[in-house]
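Take a look at the structure set out below.
The values are calculated or read from the model by the stated rules, or taken from the named source; none is laboratory data. If you're wondering where the values come from, they're calculated on a predicted model, not measured in any experiment. FYI the Cβ positions are ideal-geometry reconstructions off the backbone, even for glycines, and counts take in every protein chain you see.
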Amino acid sequence: MKLLLDTHSFLWLDAQPQEVSAAALAACESPDNELYLSLVSAWEIQIKTQLNKLSLRVPLEQMIQVQQADNGLQILPITLPHIRELSSLPLHHKDPFDRLLIAQARIEGAYLVSADGVFKDYPVNRLW
C-alpha cells in the first residue's frame, strides 16, 4: 500500500510516535507499505520554521534522512498532473498545502495518513 504522510503525521512519526494512531503507525512501520513525504510538506515545514511558527528538534534535512533510513521514506515530487488535479477538488477549505496533498494522494493512488478531519470531506482515501 502506498502511504502519503500529511505534514503533522511526518512530524509526529519522527518526534512523537505516540501521537500517531495505532493503525497508522503500524501501516507506516510495515515493510510491505511504501511511505512518502511530499515536497509540499517539506516546503510547509520550512516556511513555518522560518516564520517561527514551528520548532524542530533537529534540522529538517536530518529528520528526512532518519525517516529514510528507519522507514524507507521516499520523497514525492510535485508534478503537473498533481497541480491539474486541484481543479477537480471541491473548495471545502483553502489551505494550499492540504489541497495539494489531497491531489497527490488521488493521482498516486495513495492513502493520505492524517488525523485532520477536514480530509473526510474530500474524495481521498485517508488512513488514521
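Structural remarks
- In the stretch 1-18, residue surrounded by the fewest Cβ atoms within 10 Å (Cβ to Cβ) [restricted to those that are over 8 Å from the mean Cα position of the chain (by Cα), touching a residue at least 24 places away in the same chain (Cβ under 8 Å) and farther than 18 Å from K53 by Cβ]: M1
- You will find that of E61, E34, E19, E85, the residue that is charged (D, E, K, R), in contact with a strand residue (DSSP E or B) (Cβ under 6 Å, 6 or more places away or on another chain) and modelled with pLDDT of 95 or more is E34 and no other.
- Count of the stretch 97-127 residues, restricted to those that are hydrophobic (A, V, I, L, M, F, W, C), buried (at least 19 other Cβ atoms within 10 Å of the Cβ) and over 18 Å from L73 (Cβ atoms), is 5.
- Residues in the stretch 2-48 that are β-branched (V, I, T) and within 11 Å of S114 (Cα to Cα): T7, V20.
- Qualifying position, being touching an Asp or Glu at 6+ places or on another chain (Cβ under 7 Å) and not aromatic (F, W, Y), among L73, L112: L112
- Long-range neighbours under 8 Å by Cβ, at least six apart or interchain, first residue closer than 15 Å to D70 by Cβ within the stretch 24-35, second among the basic types (K, R): N33/K2; E34/K2
- Taking the stretch 97-122 as the range and being touching a Pro at 6+ places or on another chain (Cβ under 8 Å) and in contact (Cβ under 8 Å) with a residue 24 or more places away in the chain as the test, the residues that pass are I107, D121, Y122.
- Any pair with Cβ under 6 angstrom, 6 or more apart, that starts in the stretch 73-96 at a residue that is free of Cβ contacts under 8 Å to residues at least 24 places away in the same chain and surrounded by 11 or more Cβ atoms within 10 Å (Cβ to Cβ) and ends at one that is of a type in the set (A, V, I, L, M) and assigned to a helix (DSSP H, G or I): E85/A103; E85/I107; L86/A103
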